1. So with the 1.4 Å probe, I'd like the accessible area per residue for region 1-61, rounded to whole Å².
2. Modelled label-to-label distance, Lys113 and Thr127, 7 Å Cα→beta-carbon offset: nm?
3. Cα-Cα over 18 Å: which of Lys2/Lys81; Lys3/Lys71; Lys34/Lys81; Lys61/Lys101?
4. Which distance in nm do the two modelled labels at Ala17 and Lys81 give, with both placed 7 Å along the Cα-to-Cβ direction?
5. Quick check: pseudo-label points 7 Å beyond the Cα along Cα→Cβ at Lys61 and Leu6, how many nm apart are they?
6. Once every DSSP H run of n ≥ 4 in the chain is given -39500 (n - 2.57) and the sum is divided by its residues, what mean residue ellipticity at 222 nm do you get, rounded to the nearest 500 deg cm²/dmol?
7. Using a Förster radius of 25 Å, what is the FRET efficiency between Lys101 and Glu29 based on their Cβ-Cβ separation? Nearest 0.05, please.
Amino acid sequence: MKKRELGNSGLEVAPLALGGNVFGWTADEPTSFKILDAFVAAGCNLIDTADIYSRWVPGNKGGESETVLGKWLRRSGNRGKVLIATKVGMEMGPDRKGLSKSYILRAAEDSLKRLQTNCIDLYQSHTDDPRHRWKKPWRLTRN
């Protein structure tokens with residue numbers, strides 16, 4: 001499948017992305033794994049998720065999609081074949097929302113643990129936060 005450069009990031013993505021909001025919600029783990037396997041087998045590589053997926057389901061706390069995706073990454077060994085996009089900002093609980101630098105850093109660490117990886121390829125704001133408007137970009141790095 002022909003890939004395209006994502007802005008000037010140096011990342012190349014297939015023209016289709018897979019939305020992971022159903023993982024751990026309407027798609028159980030075995031079904032999610034089959035979907036992910038088929039997606040990669042078709043030559044696609046961008047998987048989108050978020051820390052909030054699927055907090056809205058009774059009994060869930062958020063992070064279920066990232067957790068399922070992390071288990072699949074570990075089981076399949078496909079981390080080098082896919083790009084992971086996840087998001088931050090929506091309310092995950094008391095004092096767990098928004099786009100302050102301290103919250104972003106904490107939420108990113110939580111996402112990395114659930115995803116069982118040391119790198120998030122594309123980290124996005126899931127919502128605007130009028131309390132935190134960045135005047136200059138800053139880089140999130142982790143050793």
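The values are calculated or read from the model by the stated rules, or taken from the named source; none is laboratory data. Keep in mind that this is a model prediction, so the values were computed, not measured. With ideal geometry, Cβ positions are generated from the backbone for all residues, glycine too; neighbour counts draw on all protein chains shown. Areas reflect the complete protein model, heavy atoms only, side chains present, ligands, DNA and RNA absent. Shrake-Rupley method; radii C 1.70, N 1.55, O 1.52, S 1.80 Å.
1. So region 1-61 comes to 57 Å² accessible per residue, rounded to a whole number.
2. 2.3 nm
3. Going by Cα-Cα distance, Lys3/Lys71; Lys61/Lys101 fall outside the 18 Å limit.
4. 2.1 nm
5. The two pseudo-label positions are separated by 2.8 nm.
6. Helix-only estimate at 222 nm: -9000 deg cm²/dmol.
7. My answer for the efficiency is 0.15.
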